[in-house]
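The values are calculated or read from the model by the stated rules, or taken from the named source; none is laboratory data. Since we're looking at a predicted model, the values are computed, not measured. When we count neighbours, we look across all protein chains shown, and the Cβ atoms used for this are built from the backbone with ideal geometry, even at glycine. Protein only, heavy atoms only, side chains kept; ligands, DNA and RNA dropped before computing areas. Shrake-Rupley method; radii C 1.70, N 1.55, O 1.52, S 1.80 Å.
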Amino acid sequence: GRVIVTIDGVAASGKSSVASGVARALGVPYVSSGLLYRAATLLALEAGAPLDDARALLTHLRAHPLRLEALAGGNRLWAGERELTDELHSTRVDQGVSAVAALPEVRAWVDAQLRALPEPFVAEGRDMGTNVFPQAGAKFYLTASPRVRAERRAQERPEDVPAIEAALIERDRRDRVQSAPAPDARVIDTGPLSLEGVIGTILAALPA
Ligand code: CDP
């Protein structure tokens with residue numbers, strides 16, 4: 001468990017549950033990069049700032065420093081003394097986050113926070129294995145059909161499966177630029193697998 005492990009994948013492919021399980025088995029923290037993009041989005045929405053105004057967003061982020069608490073059991077996100085964690089998975093943040101994540105300045109800001117974290121850890125997101133930690137010792141990329149992912153996420157959102165499926169397909173489309181598997185990533189179709197099955201597949205594939 002001394003190497004960085006990256007787990008990337010499409011929206012609602014199970015990355016955070018899988019990363020948490022792998023991290024707990026290895027006794028290291030896991031890092032949810034998506035929470036930083038979600039927190040930047042929430043702050044912009046609350047400030048009434050346009051989600052495509054990189055300069056305004058960066059000014060706001062410098063004034064409200066965010067802190068990711070990367071625990072194996074679950075990540076928490078703070079803006080100063082205020083915990084944002086429970087507000088980051090609303091439908092409104094789901095809908096706005098891809099626009100914020102498309103801004104190169106915001107991506108550079110997130111990348112710098114992630115690269116400052118002490119190793120080793122399991123990092124999950126879209127571009128952990130490609131851009132942020134290309135040197136990682138083991139890389140995985142999770143997929144599943146939109147319907148399977150929508151059915152899983154319907155447990156966590158108020159909308160019905162068809163509405164969630166349509167929103168996931170749209171978010172995949174907007175995220176496509178930053179969401180390709182690394183050439184050296186092992187792609188896992190999680191459709192036929194249970195959560196424990198995905199975790200076990202990854203643990204079995206790790207270098208000794
Ligand atoms: O769990 P889910 O896949 O729905 O979302 P997430 O991992 O929390 O990521 C939320 C959004 O943040 C994604 O839709 C991307 O727009 C963005 N993101 C990104 O661009 N790069 C990352 N490394 C992680 C997330």
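Side notes on the structure shown:
- Residue match in the stretch 75-84 (condition: among the hydrophobic types (A, V, I, L, M, F, W, C), more than 9 Å from the ligand (Cβ to nearest atom) and within 15 Å of the chain's Cα centre (by Cα)): yes
- Residue match in the stretch 39-49 (condition: in contact with a Leu (Cβ under 7 Å, 6 or more places away or on another chain), farther than 20 Å from Ile188 by Cα and not in a helix (DSSP H, G or I)): yes
- Selection from the stretch 91-126 of residues that are more than 11 Å from Tyr37 (Cβ to Cβ), in a loop (DSSP other than H, G, I, E, B) and either within 12 Å of the ligand (Cβ to nearest atom) or open to solvent by less than 10 Å² (accessible area, probe 1.4 Å) (or both): Phe121
- Residue count for the stretch 140-154, restricted to those that are within 13 Å of the ligand (Cβ to nearest atom) and not in a loop (DSSP other than H, G, I, E, B): 8
- The residues of the stretch 165-189 that are of a type in the set (D, E, K, R), within 17 Å of the chain's Cα centre (by Cα) and either more than 12 Å from the ligand (Cβ to nearest atom) or open to solvent by less than 80 Å² (accessible area, probe 1.4 Å) (or both), listed by number, are Glu170, Arg171, Asp172, Asp175.
- Conditions (1) over 14 Å from the mean Cα position of the chain (by Cα); (2) crowded, with 16+ Cβ neighbours inside 10 Å; (3) closer than 28 Å to Ala44 by Cβ; (4) without any contact (Cβ under 8 Å) to a residue 60 or more places away in the chain: number failed by Arg152: (4)
- Hits in the stretch 1-19 - residues which are within 12 Å of the ligand (Cβ to nearest atom), within 16 Å of Gly200 (Cα to Cα) and open to solvent by 10 Å² or more (accessible area, probe 1.4 Å): Gly14, Lys15, Ser16, Ser17
A quick yes/no check of all residues on (1) surrounded by 13 or more Cβ atoms within 10 Å (Cβ to Cβ); (2) within 16 Å of the chain's Cα centre (by Cα); (3) not charged (D, E, K, R):
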{"site": "Gly129", "(1), (2), (3)": "yes, yes, yes"}
{"site": "Pro158", "(1), (2), (3)": "no, no, yes"}
{"site": "Glu196", "(1), (2), (3)": "no, no, no"}
{"site": "Ala204", "(1), (2), (3)": "no, no, yes"}
